[in-house]
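Please treat every number below as a calculation from the coordinates, not as lab data. Keep in mind the model is a prediction, meaning the values are calculated, not measured. All Cβ positions, glycine included, derive from the backbone under ideal geometry; neighbour counts span all protein chains shown.
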Amino acid sequence: MVMEMITGADPYTLAAVGASLIVAVGIYYLVFILGPAETKGKSAVELGGGSLAREQVADNYKAYADFFKKPKEIENAKQVPKLVDTFYNLVTDIYEWGWGQSFHFSPAITGKSHREETRLHEEHVADLLHIKPKDKVLDAGCGVGGPMRAIAAHSGANVVGITINDYQVARARSHNKKAGLDNLCEVICGDFLNMPFTDNSFDGAYSIEATCHAPQLRDVYAEIYRVLKPGKLYVTYEWVTTPLYRADNSEHVEIIHGIEHGDALPGLRSYSQVVDIAKDVGFEVLEEKDLALPPALPWWKRLKMGRIAYYRNHVVIALLSFLGVAPQGVVDVHEMLFKTAEHLSRGGETGIFTPMHLLVCRKPEIEQ
């Protein structure tokens with residue numbers, strides 16, 4: 001019957017039907033097949049605003065964008081945690097869809113996939129901490145828990161993650177259960193500037209590109225120092241400006257400002273500042289190293305390679321927003337992240353920025 005209807009139709013109708021089928025297949029292919037860059041439990045039709053109501057996404061994005069336009073001039077640091085929470089409501093779905101469950105960079109390795117590079121980078125933290133099964137380890141700023149799952153699976157340790165965003169808590173718990181690691185991984189909603197843990201309660205601690213969101217780095221380092229047992233280690237990968245950064249270079253300033261604006265950062269610190277702050281709160285700094293330096297391959301190549309994926313994804317998001325599937329404002333968030341990727345790439349190419357400045361710190365056996 002269908003074939004009779006089609007064969008009996010005029011050429012214009014056939015052309016319209018054919019075009020509609022091509023568009024429908026194309027949309028399905030983009031959204032459900034090409035949409036997710038990796039297997040991460042998110043599809044394009046699920047993009048939203050985290051725990052924000054659909055009608056709140058656009059207004060919250062505007063409030064966030066206005067606040068972080070001039071991060072160096074933020075007057076009320078008390079607002080930063082709330083705006084960081086807003087940021088992750090806005091970007092978590094997009095990050096998972098286009099990046100994966102680990103919201104961080106990793107050194108590029110010849111012959112390794114992005115996923116393998118990420119896993120090795122996370123397992124390196126466990127090795128540096130010398131943790132073992134049944135140890136209790138803190139993940140300060142755990143996101144949706146990609147690193148905690150890799151570290152728990154690698155070491156057998158019990159990892160407790162804390163994130164300020166309740167939507168990420170739900171996502172992390174769901175991923176932990178699906179991975180069969182919910183017996184080793186626990187996630188709570190809270191502020192790493194004021195953690196609900198007792199003194200001297202963890203056998204190790206780490207943060208992966210997370211403490212850059214703190215208004216004052218000293219506050220979060222002091223909190224981690226407080227909950228860590230004497231003699232135990234803290235490992236962090238920090239976002240910092242390098243010795244090549246020049247504050248009197250307008251291009252350098254523009255790049256760093258773009259990174260701050262697009263990643264909810266209340267002012268990037270320099271590589272030397274983070275070491276001084278760690279020592280100031282009482283840590284012994286055992287190792288300091290920029291993991292982005294050669295022989296590591298350029299970490300920003302993944303951003304460069306993702307340009308085609310960005311345009312593809314942007315078309316999908318714009319279409320879904322137009323159709324009312326994705327909330328208004330998601331397109332603006334995705335565009336902001338693309339611009340931020342440009343600034344991050346320029347930061348890597350000029351050598352003035354690194355997202356992987358490693359510190360290995362120890363809390364003294366006897367506190368001074």
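Observations on the structure shown:
- Spatial extent of region 100-149: Rg and Dmax, with the Cα atoms as the point set, Å: 11.6, 34
- Each principal axis of the Cα atoms in region 226-292 has its own extent, and those three values, largest first, are 44, 23, 22 angstrom.
- With the simple spin-label model, which puts each label point 7 Å out from Cα in the Cβ direction, the residue 108 to residue 65 separation comes to 3.0 nm.
- Set of aspartates and glutamates with alpha-carbon distance to residue 304 below 13 Å, sequence-local pairs under 8 removed: 342, 349
- For region 317-368, the extents of the C-alpha atoms along the principal axes are 62, 30, 12 Å, listed from largest to smallest.
- Whole-number D in µm²/s for region 213-333 (Stokes-Einstein; Kirkwood sum over Cα pairs; 10 °C, 1.306 mPa s): 89 µm²/s
- Region 313-368 versus region 277-300: alpha-carbon centroid distance in Å: 20 Å
- Against the compact-protein benchmark of 2.2 N^0.38 Å, the Cα-based radius of gyration of region 91-228 scales to 0.99.
- Once divided by 2.2 N^0.38 Å, the Cα radius of gyration of region 160-258 becomes 1.33.
- The relative contact order of region 269-368, computed from alpha carbon pairs under 8 Å that lie at least 6 residues apart in sequence, is 51 percent.
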